[in-house]
1. When you have a sec, figure out the Kirkwood radius of the range 41-171 from all distinct Cα pair distances and drop it here in Å to one decimal?
2. For the range 102-174, what does the alpha-carbon gyration tensor say about shape, rounded, prolate or oblate, given a ≥ b ≥ c as the root eigenvalues, a/c under 1.5 as rounded, and a/b over b/c as prolate?
3. Using the alpha-carbon centroid of each, what span in Å lies between the range 30-72 and the range 91-161?
4. What residues of the range 66-83 lie in the reach of a label at Glu53, counting those whose backbone N is under 20 Å from a point 7 Å from the Cα along Cα→Cβ?
Amino acid sequence: MFRMVAAATCRHDPRRRALLRGRVRAEPALRPPWALEEPAFVDACIGCQACVEACPEAVLSPGAGQLPVFDPARGECTFCARCVDACRDSAFRPATERPWTLQAHIADRCLTHARIVCASCRDACGEAAIRFPVTSAVPVPVVAADRCTGCGACVAGCPAGAITLQSTPLEALADV
């Protein structure tokens with residue numbers, strides 16, 4: 001009887017897989033824009049890949065359990081909303097809402113911290129969200145939260161792999 005109950009209630013949980021692989025704290029998956037919050041998305045998405053196939057930029061790919069993930073290393077999201085339109089499982093919020101709370105974050109391994117002039121992230125950013133304040137030393141990039149859409153263009157363009165997209169609390173974005 002226990003097996004029947006366990007099999008009926010088990011659902012893919014990426015955290016369990018990470019634990020079994022020895023990574024107690026797995027990095028949260030970057031879901032497509034407008035995806036529901038993680039628990040609701042995991043429950044709603046059946047892994048059909050319709051959103052992955054609909055993405056003209058090819059920045060969505062199948063992740064753990066065939067659930068779609070956004071991979072900014074493959075390019076930028078243009079927020080075309082084709083992923084939302086393709087979903088038949090109600091795993092997305094309406095495309096009229098904010099797509100997500102992702103923001104670019106630049107780590108200390110940025111080449112500018114080693115006094116190497118680089119502006120790849122600024123050049124890749126179509127929103128002009130990355131600025132280099134004028135200083136007497138090699139300028140270090142600063143992300144303007146009010147302009148960053150979390151599209152990922154800067155991630156693929158960074159030769160040092162110093163840029164990640166991280167979720168920012170909605171309260172912090174509302175202040176911007």
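1. Values: mean 1/r = 0.0627 Å⁻¹.
Its Kirkwood hydrodynamic radius stands at 16.0 Å.
2. Values: a/c = 1.84, a/b = 1.60, b/c = 1.15.
Verdict is prolate for the range 102-174.
3. Cα centroid to Cα centroid, the span is 23 Å.
4. What the label zone holds, given the 20 Å backbone N cut-off, is 66-71, 80-83.
We did not get these values from a lab; they are worked out from the coordinates using the rules stated. The structure displayed is predicted, hence computed values, not measured ones. Virtual Cβ from ideal backbone geometry, glycine too; neighbours counted across all protein chains shown.
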